[in-house]
Amino acid sequence: MLRRCLIVGFALLAASCSFAAIVARAQGTQGPITPKSGAQAQQAPQGSIRVSVALVNTPVTVHDSKGDLVLNLKKENFEVFDNGIKQAIESFDLGGEPLSAVLVFETSSRIEPLLPAVQKSGIVFTQAVIGPSGDAAVISYDDGIERLLPFTADHDKIEKTISTLKPGNSGTRLYDALSNAVNLLRNRPPERRRVIIVVGEPTDSGSEEKLGEVLRQAQLANVVIYGVGLSTTAAELRSQPQQSSQRPITPPGTFGTPPIPGTVQTPTSGSPGGSNAGSGNIDLGALAELAVRNVKSVVKDHPLEVAATATGGMYESAFRERTIEKVVDAIGGELNAQYTLSYRPTGSDAAGYHQIKVTLDQADLKVRTRPGYYLDGK
């Protein structure tokens, strides 16, 4: 009798353990998980998939007729349209949400004479941009990409990393650096504003990524890109004279000669040889939309300006050492005065490019925001 009880007891114990193991396995099984509000659905590393946008954050900067920032607007003053369909604004904020920033620095030998000025800018980034509630990561690029500092709120670490940037070789893999920055920001909490600030030349060479694809991912991850343009000409003026080099007679952003009669100046018509660094007469919004719609297209001119325009950010050139800090300070000022409008797209979930339009009930004010985003088909 005792032996029979022992056998039954062992059988019950084995069944209990087996059931617990089944439950544990069931609980640990990976399956489709509904993303939290504002979170982006994880994407497959290769191939086009349909992306459902849970929440669209639209940064909006408003200036008056004098060019001053307008800070007294309310939610009721704005209307947002997605592909022409009016959307309900779910949340509204003015520079209050903490931000996560990836600071991206070109360290190529091309701008080596300007590097000391860049190294001194660390405190401006921490004070004017990051602030007491933000955090930042640091990336550098030449012909390679190096993640120098993971996300941290420690201002001393951020400033030290910037102050010890070292010159590299002549490569400028800007697009690959932007792609790395977007991937870092993709995993930040959805309630944080996501910002990339690039300090480098408005040019790319050797990147594996296409700018259009990078901008698609940045738009879907609600990332805003800002550019501080460094001038190769300014760097050459601070280096040893080179007899064989021919410097442009006008700074980037301007046309040195008038157009051929009967033609319109374009990025390829303003200078001999079919290239022009200026964007004075260029429709950057159209270029940004073209790059995002056609990801295989090669963007040769104004990539930083196009990236900033496509995401609702700002691009400023720095032609002298002392202006680098001023440009960074201006970016920080805009971030503190920037409205963020959030909505969940309704009546407009088709694949393809989605145009975003933000209007105000005051016609004399100027609005700047990102032009749209792109949804892949299945």
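If we sort 125-136, 301-312, 174-185 on the protection proxy, mean other Cβ atoms within 10 Å, highest first, what's the order? Kindly include the intermediate steps, with their values, before the conclusion.
Details: 125-136: 19.5, 301-312: 26.2, 174-185: 23.6.
The densest-packed peptide leads the list: 301-312, 174-185, 125-136.
Report, ordered by chain and residue number, the lysines lying within cross-link reach of Lys157, taken as a straight Cα distance under 26 Å and ignoring same-chain residues fewer than 8 apart.
Lys120, Lys166, Lys326
Given labels modelled 7 Å from the Cα in the Cβ direction, how far is it in nm from Lys74 to Asn183?
The modelled label-to-label distance comes out at 4.6 nm.
At 7 Å along Cα-to-Cβ for each site, give me the label-to-label distance between Ala54 and Glu112 in nm.
Computed distance between label sites Ala54 and Glu112 equals 4.8 nm.
Amide H of Gly144 versus every other amide H placed in the peptide plane: which residues, excluding those fewer than 5 positions away on the same chain, fall under 5 Å?
Arg173
Using a Cα-Cα cut-off of under 18 Å, which lysines could be cross-linked to Lys366, ignoring same-chain neighbours fewer than 8 residues away?
The qualifying lysines are Lys66, Lys74, Lys75, Lys357.
Can you give the FRET efficiency to the nearest 0.05 for Thr346 and Lys120, using r as the Cβ-Cβ distance and R₀ = 51 Å?
Numbers: r = 48 Å, r/R0 = 0.94.
Using R0 = 51 Å, I get an efficiency of 0.60.
Report the Cα-based extents of segment 52-138 along its three principal axes, largest first, to the nearest Å.
Over segment 52-138, Cα extents along the principal axes are 50, 39, 28 Å.
Sorted by mean Cβ packing within 10 Å, highest first, what order do the peptides 80-90, 336-346 take?
Numbers: 80-90: 15.5, 336-346: 18.7.
The densest-packed peptide leads the list: 336-346, 80-90.
For Lys300, list the lysines whose Cα falls under 23 Å from its own Cα; do not include residues on the same chain fewer than 8 positions away.
Lys210
Values in this text are rule-based calculations from the coordinates and carry no lab data. It should be emphasised that the depicted structure is a prediction, and the values quoted were computed from it without experimental measurement. Please note: Cβ atoms are built from the backbone with ideal geometry, for glycine as well, and neighbour counts cover all protein chains shown.
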